[in-house]
Amino acid sequence: MIPYGRQDISDQDIQAVLEVLQSDFLTQGPAVPRFEAAAIAHCDAKFAVAVNSATSALHIACMALDLGPGDILWTVPNTFVASANVGLFCGADVDFVDIDPATYCMSVTALAEKLEAADQIGRLPKVLIPVHFAGQSCDMRAIAELAQKYGVRVIEDASHAIGARYLDQPVGNCAYSDICVFSFHPVKIITTAEGGLATTNDPKLAERMQLHRSHGVTRDPKLMDQASEGGWYYQMVELGYNYRMTEMQAALGVTQFERLDAFVARRNLLAKRYDELLTDLPVICPVQNPDNYSAFHLYPIQVENRAQVFAQLRENGIGVNVHYIPVHTQPYWKARGFEEGDFPNSESYYARAISIPLYFGLSEGDQDKVIEEIARATKVI
Ligand SMILES: *Cc1c(COP(=O)(O)O)cnc(C)c1O
């Protein structure tokens with residue numbers, strides 16, 4: 001089976017993890033700060049906070065922005081459930097903004113309309129989470145302008161987009177957001193097995209995210225409300241979690257970071273090749289906004305008779321997948337009052353979507369086989 005995505009682990013990655021295993025620290029040692037430094041350098045942000053998943057990163061980001069009961073979070077339906085769930089973790093209400101049918105990212109028009117309506121009834125969101133779907137940044141300049149106008153804080157869910165660029169700047173520099181979040185799950189661009197990270201330029205937000213990742217406990221005298229009682233002393237100043245990344249994960253992340261540019265370049269080359277090879281087939285290819293250099297986490301196509309095409313491709317060794325079942329159509333979210341038809345662009349995209357194989361190690365030969373099987377599957381019907 002040719003998978004839709006997979007990690008690429010080098011001898012150097014393996015060596016880096018082995019060295020940690022033979023060292024003094026398996027957690028809370030020097031590797032996590034080294035990984036964070038690599039993220040800061042790459043993203044051109046002031047601070048980075050590494051955690052055990054992007055879900056945790058989204059959660060501490062929401063907590064740092066004081067999202068709580070009575071507040072509202074908005075994201076898109078075309079995302080992994082975690083982007084919405086984190087609002088509920090904080091006790092907030094969650095609502096959605098539909099996607100742009102061309103880029104599958106948050107629609108700026110839909111956002112503008114929804115903000116205007118929400119303002120009129122006094123139901124503006126506190127936090128907005130645009131998702132850089134498939135690795136392509138949302139139109140962050142326009143989103144930031146609207147967010148500023150209505151006093152909404154912005155967390156970029158860039159789980160798909162490490163290594164991507166928007167308006168010639170690295171995604172993660174938070175030029176148009178408060179916080180930006182990445183995932184390092186093995187199907188994403190670089191991996192730490194499980195892992196996530198949040199970048200920000202705001203020292204206060206960085207400090208609160210660091211607290212929330214580790215029990216709300218600090219050894220920093222500046223954050224304590226009384227003098228230290230001795231070398232053992234720490235204080236719990238907020239209710240936090242244990243969301244720490246291990247040293248093995250961080251060491252893997254450091255060596256993965258060294259190949260990030262090569263990973264993204266290869267993904268772009270393969271995506272361009274897909275664009276060309278799919279031209280004559282009855283499929284819709286993903287549209288790229290010229291402001292973007294995508295990280296191409298995914299290459300999603302749209303086809304007629306998706307279920308049949310999907311089944312036939314899987315039967316013939318092509319490990320396709322679907323991104324995403326609109327979050328608001330999940331039973332848990334329907335029970336919260338959402339219905340089929342609420343976000344038609346996300347739903348009609350989903351009805352035809354298939355993510356076809358795209359990863360660093362995908363050979364041109366295997367890519368040709370993918371094309372051949374898509375040609376067969378779409379013509380038979
Ligand atoms: C993968 C993903 C997440 C969750 O990432 P984890 O690291 O698995 O927690 C969140 N949002 C999006 C858009 C994702 O693709």
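The values are calculated or read from the model by the stated rules, or taken from the named source; none is laboratory data. Note that this is a predicted model, so its numbers are computed, not measured. Using ideal geometry, Cβ is built from the backbone for each residue, glycine included, and neighbour counts are taken over all protein chains shown. These accessible areas exclude ligands, DNA and RNA; they are computed on the full protein's heavy atoms, side chains included. Shrake-Rupley method; radii C 1.70, N 1.55, O 1.52, S 1.80 Å.
Worth a mention:
- Of all accessible heavy-atom area on the chain, the percent that carbon and sulfur account for (1.4 Å): 52 percent
- For the range 40-56, backbone nitrogen atoms closer than 12 Å to the point 7 Å from PHE89 Cα along Cα-to-C-beta are found at 51-56.
- Pairs of Cα atoms nearer than 8 Å and 6+ residues apart set the relative contact order; for the range 260-377 it is 34 percent.
- Cross-link check: pairs LYS46/LYS204; LYS188/LYS272; LYS114/LYS149; LYS188/LYS369 evaluated at a Cα-Cα cut-off of 21 Å; pairs beyond the cut-off: LYS188/LYS369.
- Calculated FRET efficiency, ARG314 to ARG273, Cβ-Cβ distance, R0 = 25 Å: about 0.65 to the nearest 0.05.
- A quarter of the convex hull surface defined by the alpha-carbon atoms of the chain gives 19.9 nm² as the mean projection.
- In terms of overall dimensions, the range 97-181 has a Cα radius of gyration and Dmax of 12.4, 39 angstrom.
- ALA307 sits among other residues whose Cβ lies under 14 Å from its own Cβ, and their net charge, with Lys and Arg +1 and Asp and Glu -1, is +1.
- Between ARG219 and GLN15, the distance separating the two model label sites (each 7 Å from Cα on the Cα→Cβ line) works out to 3.1 nm.
- Basic side chains Lys and Arg get +1 at the Cβ, acidic Asp and Glu get -1 at the Cβ, and with that the dipole of the range 2-257 about its Cα centre reaches some 100 debye.
- Spatially proximal aspartates and glutamates relative to LYS379 (Cα-Cα < 13 Å; intrachain offsets below 8 disregarded): ASP280, GLU304
- Sorting 145-157, 233-245 by average packing, meaning the other beta carbons within 10 Å per residue, from highest down gives 145-157, 233-245.
- Ligands, DNA and RNA are left out, and with a 1.4 angstrom probe the accessible area of the chain is 42 Å² per residue.
- Segment SER228-GLU364, extension gain: residue separation times 0.36 nm, minus the distance between their alpha carbons: 42.8 nm
- Helix axis angle, 11-21 relative to the chain longest principal axis, alpha carbon, degrees: 30 degrees
- A simple count of charges around ALA227, restricted to other residues whose Cβ falls under 15 Å of its Cβ and scoring Lys, Arg +1 and Asp, Glu -1, yields -1.
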